[in-house]
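Reading through the structure tokens given below for one structure.
The values are calculated or read from the model by the stated rules, or taken from the named source; none is laboratory data. On a predicted model such as this, the values are computed, not experimentally measured, just so you know. Positions of Cβ are backbone-derived with ideal geometry, glycine not excepted, and every protein chain shown enters the neighbour counts. The area values use the complete protein model at the heavy-atom level, side chains included, leaving out ligands, DNA and RNA. Shrake-Rupley method; radii C 1.70, N 1.55, O 1.52, S 1.80 Å.
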Amino acid sequence: MQNPHKVKPWFRDHDGWWYVTLKGGGRRKQVKLARGRENEPEAYRRFYEVMAAAGHIEPSPEMTFNELAAQFLSYSREQHKSVTTNWYVRLLDDFDQHCQGRVKDLKKSHVDTWLRKHTWSVSSRRQAITAIKRVVNWGYEEGHLPEYPVGLRKLKRPKMQKRETLVSEADHKRMLKATDPEFALFLTALWETGARPGEIRTVTADDVLLEQGIWLLQQHKTAEKTEKPRIIYLTEAMVKLTQSLVKEHPTGPLFRNSQGEPWTINAIRCRMRRLREKLGLPVGTVAYAYRHTYATNGLTGGISIAEMAELLGHSDTKMLSEHYGHLSQKTQHMREIAHRAVHRKK
């Protein structure tokens, strides 16, 4: 096998491309990596991907994080959806730009320094740390690393901040009037289903079972954990809306913008920001706040915690209890509950 520390990318002046030369079976093969001398970082990123895919990177205590990440991304492309792999690519490439070197030398302080270079939210910091730990854990479990980096054992994710902002029915109606018809449909789906914004963004006609009044998602956020499809139960209003959208979009995502294109994460984020500014809504009024509102309204309306967990697609009630109830904001309701706890009907 070729040693990646001897085989390196090289630049050809006359065509302006970075290459790597692979040897095997008595032949030499030149593989293009990136165009332009200024794109050396991209050339090295592609270099490690090519070497990992070709099986030329051997397990070694000298393995760099870039080499390990390349092998992990090859695994990710086979096991994960493209959106998940692309998420890993962005974070791992960014980390490698700030922290190059051997995996065994990595320390918690290296990750902390990298995180401080970004003005990320607590949620984004958690995701970034998750990506780094996932790669290292995978490398150790698969035997690519002879031992787990001692310096990363104390690397912990920050606690998730609870989303305390709820969307009132009055504010929901204001937003429906203040935005275009296409985004109003998206907001309606958020309000009526309590589904994750990503689930609404990507649902297609193939996921719809109108006779049962449900969306049945085989691919979803918690599929690996729950090992079952995600069922989104539809109100009568959502059944009618879904039926209309299925006729309009028999293939591809049901919910689309005024240009007929599927909603992107960034487009939704921008729409919500403009609505907050235009209507003077609380800072935490984001698309995901609808899901928390749905849960809180359901619980205060008498739905059991187990039933609400099923509606939200959770495998148990732990997540619901910790993050979704927001019952502290329903003071009067909780006072009534306290009264009922003491003065039970006979």
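A few points about this structure:
- Residues being at pLDDT 95 or above and either open to solvent by 30 Å² or more (accessible area, probe 1.4 Å) or over 23 Å from the mean Cα position of the chain (by Cα) (or both) - total across region 168-190: 16
- Scope region 250-267; condition part of a loop (DSSP other than H, G, I, E, B), open to solvent by 50 Å² or more (accessible area, probe 1.4 Å) and either farther than 14 Å from ALA287 by Cα or of a type in the set (A, V, I, L, M) (or both); matching residues: PRO250, THR251, SER258, GLN259, GLU261
- Residue ID - surrounded by the fewest Cβ atoms within 10 Å (Cβ to Cβ), chosen from residues in region 73-126 that are of a type in the set (Lys, Arg) and in contact (Cβ under 8 Å) with a residue 24 or more places away in the chain: LYS81
- Extreme residue, surrounded by the most Cβ atoms within 10 Å (Cβ to Cβ), among residues of region 279-296 that are in a loop (DSSP other than H, G, I, E, B) and not hydrophobic (A, V, I, L, M, F, W, C): THR285
- Considering residues of region 54-71 that are over 17 Å from PRO146 (Cα atoms), at pLDDT below 65 and among the small types (Gly, Ala, Ser) only, the residue surrounded by the fewest Cβ atoms within 10 Å (Cβ to Cβ): GLY55
- Scanning region 135-149 for residues that are in contact (Cβ under 8 Å) with a residue 24 or more places away in the chain and in a helix (DSSP H, G or I) returns VAL135, VAL136, TRP138, GLY139.
- The single condition from (1) in contact (Cβ under 8 Å) with a residue 12 or more places away in the chain; (2) under 15 Å from LEU254 (Cβ atoms) that ASP207 fails is (1).
- Verdict on LYS225 being at pLDDT 95 or above, outside any loop (DSSP other than H, G, I, E, B) and basic (Lys, Arg): no
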